[in-house]
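The values are calculated or read from the model by the stated rules, or taken from the named source; none is laboratory data. Treat the numbers as computed from the prediction; the structure is a model and nothing was measured. Here the Cβ positions follow ideal geometry from the backbone for every residue, glycine too, while neighbour counts run over all protein chains shown. Note: accessible area is taken over every heavy atom of the protein model, side chains too, but ligands, DNA and RNA are not part of it. Shrake-Rupley method; radii C 1.70, N 1.55, O 1.52, S 1.80 Å.
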Amino acid sequence: MDPMRIEEITQTGAARASDPLLSLAEAIRSRRATVAVVGLGYVGLPLLTCVRNAGFTAIGVDSDPERVGQLLAGRSYIVDVTDSDLSSMGPVTFSTDAALLEQAQVIIICVPTPLTDHTPDLSAVRAAAEEIGRRLRPGRLVVLESTTYPGTTEEVVRPALEVHSGLTAGVDFALAYSPERIDPGQTAHRVESTPKVVAGLTEGCRDLVTSFYSSFVRDIVTTSSPRDAEMAKLIENTFRQVNIALVNELAVMANQLDVDIWEALSAASTKPFGYMPFWPGPGVGGHCISVDPSYLSWKAGQQRGYRISFIEHANEVNNRMPDYVAARVGEALNDAGKPIRGSRILAVGVAYKPGVNDLRESPALAVVERLAAKGAEVSYSDPYVAELQVNGYSLKSEALEEALLAEQDCVVLLTIHPELDLRRILNGSPLIFDARGATAGMDAPNVIRL
């Protein structure tokens, strides 16, 4: 953002806000503000590094003592933040003690928002807002980054902050929403280079949050209200979920029609307009695609009496894929004259996406569990996940040695990490089921693709 525009925002926009916020605008502009991030997961920890590298005093608060202990020891548990990143960003306070939030002028909430019994679980958001409210002082900025349904900032976070602080949002303190856009495991789009959507409860709140994020993010996009920004995030994730469900359903149909879905999709992707490629697989994982769209559908159901059918159907299609993959593996073994019960099956990759150690909602893990439930002797190999619990049993990742590959009845490709030596697997395995299309276009007679 243009420095002149930032100056204008802090001088004129904040001036329109209430008096307690005037000194906050100057503290943000001069980077003298102390910034606290609540929740140090895949969103919060990368954000905290950006905040500290921008010159702000930084505090990281997390309820998990094990996480905090690792950070205090200089060890990162997230692939997007290395141990070197931690050591190079200078002094940061990491703690489980929410009392430290009293020291912060800017407080950012980055806590999980899971589904519990198919219903949005905002307990972590409420708990964070209540903790912040008990320690809130005039002249502070509170930002929610957790993905959630439209209305959360105003209907959940604001009341919790006001009740526990006795202060008024937009008058005594600023309140804003800015959805995270973290893509774990990739380096092309970092926090600082990805356009940041922001919205404030009032115009003054919007100007303050814009000024803050402009200090370390290149492009800022504002919306008129937090509801619009909350909706924007859900639109992004629902778009992906629905399109992945479409190609997953096409993949099932293509197999029945004796069509190579990978070749057909590759051909379609050559169209330079009106088409965006998506690829099938064993399902969807992580939080963004497997959970977030359900927040929108649930909210629509609460207000309109019925859910969004596109989202519901996409959920059904994607949730069926682990069962479909397990069934196809069983068919492949049967065609080779082997029953799935007692067969040795090696799952390659169990994280929900390449390049990360994240198992949240992992469809690969769901496939492994289903194969084990069918009586297969399942093992796995994943350089990012050292140990795994499968149906009550503990498994450890195994190195992809030639002897291990040769003794398998089937190797199932589920998550294609960057380090994976596909050629070695192709040469050393008697039978491979490729659920990701990683071998598409290769001459591999021992491979059966989704």
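Counting every C-alpha pair in the stretch 40-188, the share spaced more than 20 angstrom apart comes to 49%. For the stretch 280-433, pairs of C-alpha atoms spaced more than 21 angstrom apart make up 48 percent of the total. Along the axis of the charge dipole computed for the stretch 303-396 (Cβ charges of +1 for Lys and Arg, -1 for Asp and Glu, origin at the Cα centre), the listed residues Val356, Leu395, Asn315 are led at the positive end by Asn315.
Between 0 and 90 degrees, the angle of helix 44-53 with respect to the longest Cα principal axis of the chain falls at about 50 degrees. If both residues of a DSSP beta bridge must be in the stretch 348-450, then about 35% of such bridges are antiparallel. Normalising the average separation of contacting C-alpha pairs (under 8 angstrom, six or more residues apart) by the number of residues puts the relative contact order of the chain at 12 percent.
Here the alpha carbons of the chain define both size measures, Rg and Dmax, at 24.1, 78 Å. Convex hull volume of the Cα atoms of the stretch 168-254, normalised per residue: 112 Å³.
For the stretch 318-359, the equivalent ellipsoid derived from the alpha-carbon gyration tensor has semi-axes of 24, 13, 7 Å in decreasing order. Put the Cα centre of the stretch 200-226 next to the Cα centre of the stretch 112-168 and the gap is 18 Å. Restricting the stretch 33-98 to trypsin sites (Lys or Arg not before Pro) that sit in a DSSP loop and have at most 16 other Cβ atoms within 10 Å of their own Cβ leaves Arg75. Axis angle, to the nearest 10 degrees, between helix 203-214 and the longest C-alpha principal axis of the chain: 60 degrees.
The H on the amide N of Val390, modeled in the peptide plane, is under 5 Å from the matching H of Leu395, each at least 5 residues off or on a different chain. Applying 1/(1 + (r/R0)^6) with R0 = 25 Å to the Cβ-Cβ distance of Phe310 and Ala268 gives a FRET efficiency near 0.75.
Looking at the chain only, what percent of DSSP beta bridges run antiparallel? Nearest 5 please.
On the way: 8 of 47 bridges.
Close to 15 percent.
When the chain is treated as a GNM with alpha-carbon contacts under 10 Å, the residue of Gln256, Gln105, Gln186 showing the greatest mean-square fluctuation is Gln256. Taking amide hydrogens as placed 1.01 Å from N in the peptide plane, the amide H of Ile107 sits under 5 Å from those of Ala36, Leu141, Val142, Val143, each at least 5 positions away in sequence or on another chain.
Report summary: the helix-based calculation at 222 nm, which adds -39500 (n - 2.57) for every DSSP H run with n ≥ 4 and divides by the residues of the chain, gives -12000 deg cm²/dmol.
Take the residue pairs Lys353/Lys374; Lys271/Lys374; Lys271/Lys353 and return only those whose Cα atoms are more than 32 Å apart. Please report the intermediate quantities before stating the final value.
Numbers: Lys353/Lys374 25 Å; Lys271/Lys374 42 Å; Lys271/Lys353 26 Å.
From Lys353/Lys374; Lys271/Lys374; Lys271/Lys353, over 32 Å: Lys271/Lys374.
The distance from the alpha carbon centre of the stretch 21-36 to that of the stretch 349-416 is 48 Å, rounded to a whole number.
Relative to the longest principal axis of the Cα atoms of the chain, the long axis of helix 363-373 makes an angle of roughly 40 degrees. What's the longest piece of the chain with no exposed chymotrypsin sites (Phe, Trp or Tyr not before Pro), counting a site as exposed if DSSP puts it in a loop and it has at most 12 other beta carbons within 10 Å? Counting at most 12 other Cβ atoms within 10 Å as exposed, the longest clean stretch of the chain is 1-272.
Shown here: the stretch 100-198, whose C-alpha atoms stretch 42, 35, 24 Å along the first, second and third principal axes, sorted largest to smallest. With all protein chains present, calculate the accessible area of Leu22 using a 1.4 Å probe and round the result to the nearest 10 Å². We get 80 Å² for Leu22. GNM remark for the chain: springs join alpha carbons under 10 Å apart, and the peak mean-square fluctuation among Arg424, Arg181, Arg140 falls on Arg424. Our Cα-only numbers for the stretch 356-404 put the radius of gyration and Dmax at 10.9, 31 Å. With a simple spin-label model that places each label point 7 Å from the Cα along the Cα-to-Cβ direction, the separation between Arg344 and Gln186 comes to 3.7 nm. Database remark: amide H of Phe173 closer than 5 angstrom to the amide H of Gly139, Thr168 (H placed geometrically; neighbours at sequence offset of 5 or more, or on other chains; Pro and chain starts carry no H).
For the stretch 348-450, the alpha carbon positions stretch 37, 28, 24 Å along the principal axes, listed from largest to smallest.
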